[in-house]
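Scroll down for the structure; my scribbles are underneath it.
The values are calculated or read from the model by the stated rules, or taken from the named source; none is laboratory data. Not measured: the values here are computed from a predicted model. No Cβ is skipped: glycine too gets one built from the backbone with ideal geometry, and neighbour counts run over all protein chains shown.
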Amino acid sequence: MVKKYAINLTVNGINYEKEVEARKLLVDFIREDIGLTGTHIGCEHGQCGACTVVFNGKSLKSCLMFAVQADGAEILTVEGLAKDEKLHPIQEAFWENHGLQCGYCTPGVLMSSYVLLKENPQPSEEDIREGISGNICRCTGYVNIVKAIKEASKKIEGAGI
Amino acid sequence: MKPFSFEYFKPNNIDEAISLLNGYGEDAVILAGGQSLIPLMNLRLARPKYIIDINKIAELSYIKDTNGGLSIGALTRHREIEKSDIIKSKYPILSKTVSLIGNPQIRNWGTIGGSISHADPAGELPTLLLALNGKVKVVGNQGEREIDGDDLFLGYLTTSMEKTEILREVYIPEISPKMGWEFVELTKRSHDFAIVSVAVLMSIDNAGKCNDVRISLGGVGSMPVRAKGAEEFLLDKAINDDSINEAANIASEEAEPESDIHASAKYRKEMVKVFVNRGLISALDRVRG
Amino acid sequence: MNFDGNFKFNAPREKVWKFFMNPDMLAKCLPGCEKLEAKGENSYEAIVKIGISVVKGEYSGKVELKDIVTPSHYRLVGEGGGLSGFVKGEVTMDLEEESDKTIVKWKSVAQIGGLIAGVGQRMLSGVAKILTNQFFKDMEKELTKEESL
Amino acid sequence: MKEYKWIGAKVKRFEDPRFLTGRGNYIGDINCPNQLHAAILRSPHAHAKIKNIDYSDALKLPGVFGGLTGGDVANMSDPFMTLVTVPMKYYCMAFNKVRYVGEPVVAIAAENRYIAEDALDLIKVEYEPLTPVMDSEKAMEKDAPLLHEEAGSNLCWHDTFPYGDIDEAFKKADEIIKERFTFHSYSSTPMETMGCIGNYNPAEGSFTAWSTMHVPMLFHMALAMALRVVGSKLRLIVPDVGGGFGNKAKVYPYVVLACLLSKKVGRPVKWIEDRREHLMACVQPPGRIAEYEVAVKKDGTILGIKEKLIDNVGAYTRLPEPNHMMRPFQILVGCYKIPAIEIDGYIVNTNKCPSGANRGLGLQQYYFPLERIIDIIAKRLGMDPVDIRFKNFIQPSEFPYTTPNGSIYDSGDYPNTLKKILEMIDYKGFRKEQEKLRKEGIYRGIGIVTIVEPGGVNIGLLSMSLGIPILSGADDHAVVRVDNTGGVTVLLGCPSMGTGLLTAAAQVAADILDVNPENINVISQYDSSTHPWSTGTHGSRFACSMAEAVAGAAKIVRNKALMVASGMLEANIDDLDIKEGLIFVKSVPEKAIPLARVATITNFSTALLPPGFEPGLEARYAFRFDKANLADEKRRMNMAVTYANSAHAAIIEVDMETGEVKVLKYIVLSDAGTMINPMIVDGQIHGGVIHGFGGTFLEEFIYDENGQQLTTTFLDYLLPKAPDSPDIQIEHTITPSPFTSIGAKGIGEGGAVPVPVLMANAIEDALSPFSVKIRDSRMNIEKVWTMANKS
């Protein structure tokens, strides 16, 4: 029988106790074992960033970590951004500025933007482009993503979040 | 693709890690940041039977500015190095070099020990380590030993560390504030593996002559290499456009790059000239600045 | 992927030739060679384990010695498959006498296929060079050891 | 232009909240009860016979439930139909022979993907390698290795299309310019790879397949025929698509593979392509060789062009190929009044991954030589390329303009587009500054390109390669339904893949029914068993075909509602109007009836309906484009619905030391006719430009001489990231199309098309002191460096 490892972690504020095979990737664990399919797989070799989540406060490509390593961790995924159906300012800014088209890279981009704005509340365009340099988008050409993150920084500053 | 199966261990301290490493030897691999190892596992190029995850060993993550040099724990994340004020002020070349690695996600989790022991010739840190005359402290069941940067890299992804040793610390000798420095690299896209990378450190005596210079080249062979010929040429010389140009030409001769689909060997050799030139000029500005 | 080069053995040609034709020596010096079993006239079944750091692959297949012109020329042809793809290659050897020393001029042509070719792009030529140099260094080490016997 | 409230507004997209909160419904998120996961063992050889397959050990692995090989496929299904007359057997897996590295050889179904991939290691396949051929010209030589024995040659199609008096043109020419161009292969690699679920229902002998095909019904027939069922027994469902760009619009072999594997193991089978499989075996647009001969007069007038076009379509000529050759027939003469043009087309098979659609589908390949030749003519005649364009432009007064091969350009003002962009980029000012900078050793260049963007597709295009053009039509269907609460449902025949067509469709319905778009639900998941017919989402056809279908259906519903209301309010139908879901008598506004009540009457109190009135407030409408004609005896045909026009201009700087190219300014002047949602239009242009930018500087599918693929990860197939992508400035002029009710023109692909040729023009301009000649579409860093340092 396949060896399983017990892990205990919180995802979007909810605590889970699960058993996982060692090789199960964290992104597969979030999608299949926790059932949150907002985090997407784009390449499985750490290049596209579609699987980006926030792991203990830092952005992480969840295809470059095994679920077993997440024992005791606190994870935030795209499903955890909006609070009781009220969109997070970043989500609002992406909606208002057409910062997404097919939506497949969007969860990863949102999580990178979330951490970027926490670390640098007033980023320049260059800071923004560097901040999402780990996320590839094929639909938007990044123009409206950069605009959306800029607008989000103003919203957040205004709302004092 | 999905990774092959393996057994997973998460030691609490270094001794536990070492005994695991010795117990499983050839088929065991250390997992730190995973940013280089896990892509190889997901592509099923690497199929280790045992993974030893050292992320719980907090004692391996530190930045200590002792007298005479900087000690960085092998498990220290690139991001912490990038944001460290002590490094920004006393080792600015390290601060800039680390900021060129991968992207925010990779820098959050990739470790200095991981990237140096992975020994990718196009990686930023192996190249920089040589220019800094840095060395690594490795620990095994025969205790701890030091390996100088020059003796560490043997070839592509290959170091002189034993299979049963763990890299514990990277040590960088103090850099005098009077020293000019620069780290420049040519990449097709921001943060790609370098086509060519150059690390330069240089100081000038008050007669305007060069009394210390170190140039190391990345991406131009199976391992990073010090351009010793160019260094010797510049020693005791006045640093001006001509001497810089000549040094760049010599350095280019010392590079033995391979061709691949991204750049030919001929192009890489020419780029060594361009970037050694740019590195020296910028280092010179900093000396005078 | 093709390479060439030469390697100087300080031993007379007959000795080096006999050495190069001796399967046990080849088995010892071919990097990662775990089995070289004769299967006929100058034809062997081989299992080779090649690896660079964590990337290891086991290739099984056959090795043949062809166009043998004693004691100056022959062609070693190898072909093998494994989990990460297949390797097909040949090395032509020309042994030239230089007073009491021998210069082995070699030319290798390698074709890599499958997973390793598509993904290992950046490491292939580097790895091939390391393995070839290692092969000749080991051969010389064995030769000098035998010399001293 | 009619006064619209919603059409023309930058409405926030209705599909966004789902994507923003992680509630997208992509193929990877869909699971069937009792499903298995498939993994595929792929050929490591580019060309080899399959001597033996043994997957018995794989079946013994715990968690494995079955496997499929080419042999099974040949028994259980028929080869896919193709659009070439030469016989060629193309199955969803290799049968007897592998023809490209990555071709599926064995598929395994297991509990999860991890176990399925473990099982692949236990399979033994014996190959007899054959010599591959990779180059299209070598593949046509007599003794070249033959891919398809039954076809007899690797040249699977050749035809010549003369239009206008070619000989006359070349007789009157002052200069004849001969040039050879090459275009490399790059694709869109959407962030979501391909994927499908196949489910065979033995009780009904029917298949249900979920897949990311954004052109389901164009190829539904081909898939059903392959699976040996009638169309009604193959139900195709398309959930949210994570970017399509045409790459997911082809005869999709893996749907058949999953369906057959499901039939064999008796359980649904889910297969998700991983990135390596996508880069090796999904779709690689054809590399092209274009040999041009141009007849030109001294004053720059172009009299005629002869083009020899050779497309390398890879191992199989897969539907929709040879569309890279045929689709550009929509715009053979570009913006220009070229009276005579001849296309001599060759489609060649080689041991590469089969080609297929990719954003632009032949237009970037076609415009590269056409817009390069303009700059080459200018240099040869010592004129400014801009003047050559003004000289040859079709003039605004000449619309609708019929081109030599039958395209009917609806409307446009090409000189005005070019004039505007020259002002925006300050062309004169740049030329002066360029001279000054060169003296300081700074080499900058400017590129200008003007193109016509075809919108919509006359499906007759696909039959042009069959010799006798039998197909025609650029129609589309939509259903609009008002329910008893006044909510509106819209069903389209085309899946959404991120291009915002769900929101745009709602805007059209909202304007015609005058209801708030919030109450409109345009169904996002396509289902062939319930949705109306359509060829799908391709060829920039939403704005001109699909939008018209929605408008037509909404108008019928509006009239039905007014007819019922006129009875209920005892008022003449002409005296009625609708405002925000309320039908009222214009002369006596307080006499009104809500749309919801009218709908309820049509469903629950049909006795009150006027005689002959069909119950239900719903309509299915098929927009039929009357100019989607049948090709005439000279094979002239109008192959698009609308013809938008755009100019792209860029200023670049070449780093002479390294060959790096920095884009200092990128401007697009787009005339897209009426813009249903300008925000979405600009988004399409942004994405398109960066697609072209990546294709020009970074992306290429590279093979070695033995047919091994060297770009199988994102470490070697390089996509532009945010720091590498230039900002893009977009301005618009609006010349509505007279051929459609809304006047909107399709522009989904236009942004991507001109970028390679624009960069070639700009770089050649920057390096003109070194008389550099750019004839190939690749501008990677080393190539530019080589050109910059040739002297």
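Odds and ends about this structure:
- For A:Ala152: the one exception among (1) at the interface with another protein chain (Cβ under 9 Å from one of its Cβ atoms); (2) farther than 23 Å from D:Leu718 by Cβ: (1)
- A:Lys61 under 12 Å from the mean Cα position of the chain (by Cα) and of a type in the set (Lys, Arg): yes
- Of all the numbered requirements in (1) of a type outside the set (Val, Ile, Thr); (2) farther than 18 Å from A:Leu60 by Cα; (3) loosely packed, with under 15 Cβ neighbours inside 10 Å; (4) modelled with pLDDT of 95 or more, A:Asp33 misses one, and that requirement is (3).
- Any hit, region D:205-212, residues being closer than 22 Å to D:Ala357 by Cα, part of a strand (DSSP E or B), hydroxyl-bearing (Ser, Thr, Tyr) and more than 12 Å from every other protein chain (Cβ to nearest Cβ): yes
- Looking only at region D:496-525, and only at residues there that are surrounded by 24 or more Cβ atoms within 10 Å (Cβ to Cβ) and over 16 Å from D:Ala547 (Cβ atoms), the one that is nearest to the chain's Cα centre (by Cα): D:Met497
- Condition broken by D:Asp527, with the remaining ones in (1) at pLDDT below 95; (2) under 29 Å from D:Ser232 (Cβ atoms) satisfied: (1)
- Test result for D:Ser77, without any contact (Cβ under 8 Å) to a residue 12 or more places away in the chain, away from chain A (no Cβ under 14 Å) and surrounded by fewer than 23 Cβ atoms within 10 Å (Cβ to Cβ): no
- Scan of region D:667-696 for residues that are touching an Asp or Glu at 6+ places or on another chain (Cβ under 9 Å), at the interface with another protein chain (Cβ under 8 Å from one of its Cβ atoms) and surrounded by fewer than 24 Cβ atoms within 10 Å (Cβ to Cβ), ordered by number: none
- Test: residue in region A:48-66 that is part of a loop (DSSP other than H, G, I, E, B), out of contact with any helix residue (DSSP H, G or I) (no Cβ under 6 Å at 6 or more places or on another chain), buried (at least 19 other Cβ atoms within 10 Å of the Cβ) and modelled with pLDDT of 95 or more: yes
- Out of B:Val184, B:Val198, B:Val220, sole residue that is buried (at least 24 other Cβ atoms within 10 Å of the Cβ) and closer than 30 Å to A:Asp127 by Cα: B:Val198
- Some residue of region D:12-33 being more than 19 Å from D:Asn112 (Cα to Cα) and more than 14 Å from chain A (Cβ to nearest Cβ): no
- Close pairs from region D:530-559: first surrounded by fewer than 23 Cβ atoms within 10 Å (Cβ to Cβ), partner assigned to a loop (DSSP other than H, G, I, E, B), Cβ under 7 Å, at least 6 apart: D:Pro532/D:Gly493; D:Trp533/D:Gly493
- Output for region B:154-173, where each listed residue is modelled with pLDDT under 95, more than 20 Å from B:Asn13 (Cα to Cα) and of a type outside the set (Ser, Thr, Tyr): B:Leu154, B:Gly155, B:Leu157
- The strands (runs of 3 or more DSSP E) found wholly in region D:431-504 and carrying at least 1 residues that are more than 30 Å from D:Asn603 (Cα to Cα) occupy D:443-455.
- Looking only at region C:39-80, and only at residues there that are part of a loop (DSSP other than H, G, I, E, B) and in contact (Cβ under 8 Å) with a residue 24 or more places away in the chain, the one that is nearest to the chain's Cα centre (by Cα): C:Asn42
- Filtered residues of region A:24-59 (kept if over 18 Å from B:Leu40 (Cβ atoms), within 11 Å of chain D (Cβ to nearest Cβ) and of a type in the set (S, T, N, Q)): A:Thr37, A:Thr39
- Some residue of region D:762-777 being closer than 18 Å to D:Ser725 by Cα and more than 14 Å from chain B (Cβ to nearest Cβ): yes
- For region D:696-727, a residue qualifies if it is over 22 Å from B:His191 (Cβ atoms), of a type outside the set (D, E, K, R) and assigned to a loop (DSSP other than H, G, I, E, B), and the qualifying residues are D:Phe701, D:Asn706, D:Gly707, D:Gln708.
- Test result for B:Glu246, within 14 Å of chain C (Cβ to nearest Cβ) and not hydrophobic (A, V, I, L, M, F, W, C): no
Rundown of residues vs (1) without any contact (Cβ under 8 Å) to a residue 12 or more places away in the chain; (2) in contact with a Leu (Cβ under 8 Å, 6 or more places away or on another chain); (3) in the same structural domain as A:Tyr16 (by TED's automatic domain parsing), yes/no style:
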| position | (1), (2), (3) |
| --- | --- |
| A:Val54 | no, yes, yes |
| A:Glu96 | no, no, no |
| A:Pro107 | no, no, no |
| A:Ser113 | no, no, no |
| A:Ser124 | yes, no, no |
| A:Glu130 | yes, no, no |
| A:Ile136 | no, yes, no |
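- Which listed residue, of D:Phe245, D:Phe219, is closer than 23 Å to D:Asp475 by Cα and touching a Ser or Thr at 6+ places or on another chain (Cβ under 6 Å): D:Phe245
- Among the residues listed as A:Thr77, A:Thr140, the single one being within 7 Å of chain D (Cβ to nearest Cβ) and farther than 20 Å from B:Arg189 by Cβ: A:Thr77
- Test: B:Gly68 is within 14 Å of chain C (Cβ to nearest Cβ), within 22 Å of B:Ile147 (Cα to Cα), at pLDDT below 95 and surrounded by fewer than 22 Cβ atoms within 10 Å (Cβ to Cβ): no
- Residue in region B:264-271 that is assigned to a loop (DSSP other than H, G, I, E, B), closer than 30 Å to D:Leu710 by Cα and within 14 Å of chain C (Cβ to nearest Cβ) present: yes
- Residues that are of a type outside the set (Lys, Arg), within 14 Å of another protein chain (Cβ to nearest Cβ) and assigned to a loop (DSSP other than H, G, I, E, B) do occur in region D:527-545.
- Set side by side, the residues D:Ala547, D:Ala554, D:Ala561, D:Ala543 differ, and just one is touching a helix residue (DSSP H, G or I) at 6+ places or on another chain (Cβ under 6 Å), aliphatic (A, V, I, L, M) and within 30 Å of D:Pro320 (Cβ to Cβ), which is D:Ala547.
- Flag for C:Glu96 being surrounded by fewer than 20 Cβ atoms within 10 Å (Cβ to Cβ), more than 14 Å from every other protein chain (Cβ to nearest Cβ), more than 28 Å from A:Gln47 (Cα to Cα) and in contact with a strand residue (DSSP E or B) (Cβ under 6 Å, 6 or more places away or on another chain): yes
- Single residue of region B:135-147 satisfying the filter (surrounded by fewer than 14 Cβ atoms within 10 Å (Cβ to Cβ) and charged (D, E, K, R)) that is nearest to the chain's Cα centre (by Cα): B:Glu146
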